[in-house]
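Coordinate-derived values only; no laboratory data. Computed from a prediction, not measured in an experiment: that's the story for all the values here. For neighbour counting, all protein chains shown are included, and Cβ atoms are generated from backbone atoms with ideal geometry for every residue, glycine included.
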Amino acid sequence: MTRGAVVGAFVAMVAVVATACGSTRIVTKTVTVPASPKGGLGPPGDITQFGYIKSLARKGAGFELRFDPAWFTSGVTASRAKFEDTGSSDVPNDNYVVDEGHRLLTYLVPATARVTVLTNNGTGILGTRITVSELAQIVTGGAHRKLFEPITTGFWMRFHVDTVRSLDQQYVP
């Protein structure tokens, strides 16, 4: 290819690009992204915490919960924590609960919060939904359905700021 042919090809390419650029349209597209559960600085919007229910009493239209938080650990975390506490790293069922403070924290529980306890209908262990009111009866020792395990096995509490969204009883083999 001669120098003139190369220059000619280059000029033709610039002309094509210039023509294409002249017909370019700018399109703006707005996309709405759902808000994340975190919603900004600080901790996540919802937090899940393991611990023990010490009291659950009616307060207005809802309930007030006194909760003793603890760490439900597994794996290396569990075996090392148990070793530091007892001198033995033997962790049955690979779980070890670290409950050091026993400080009770107060949470609000709407009457509509989701509650699950462990029952056995004869065919196996079930997570059974109950009302917050029935859980309050269980906590105070009132009449209630038969549970598979006592509530001293602990609960997983999901909450937002100071308001409980759900309480789920922990199974302990």
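Some notes on this structure:
- Counting only residues that are of a type outside the set (A, V, I, L, M) and out of contact with any Asp or Glu (no Cβ under 9 Å at 6 or more places or on another chain), the range 101-119 holds 3 of them.
- The lone criterion from (1) surrounded by 11 or more Cβ atoms within 10 Å (Cβ to Cβ); (2) without any contact (Cβ under 8 Å) to a residue 40 or more places away in the chain; (3) out of contact with any helix residue (DSSP H, G or I) (no Cβ under 8 Å at 6 or more places or on another chain) left unmet by residue 67 is number (2).
- Elements of type strands (runs of 3 or more DSSP E) contained in the range 59-173, each with 1 or more residues being touching a Gly at 6+ places or on another chain (Cβ under 8 Å) and not acidic (Asp, Glu): 62-74, 95-98, 105-109, 114-120, 155-160, 163-169
- From 109, 161, residue being free of Cβ contacts under 8 Å to residues at least 24 places away in the same chain and out of contact with any His (no Cβ under 6 Å at 6 or more places or on another chain): 161
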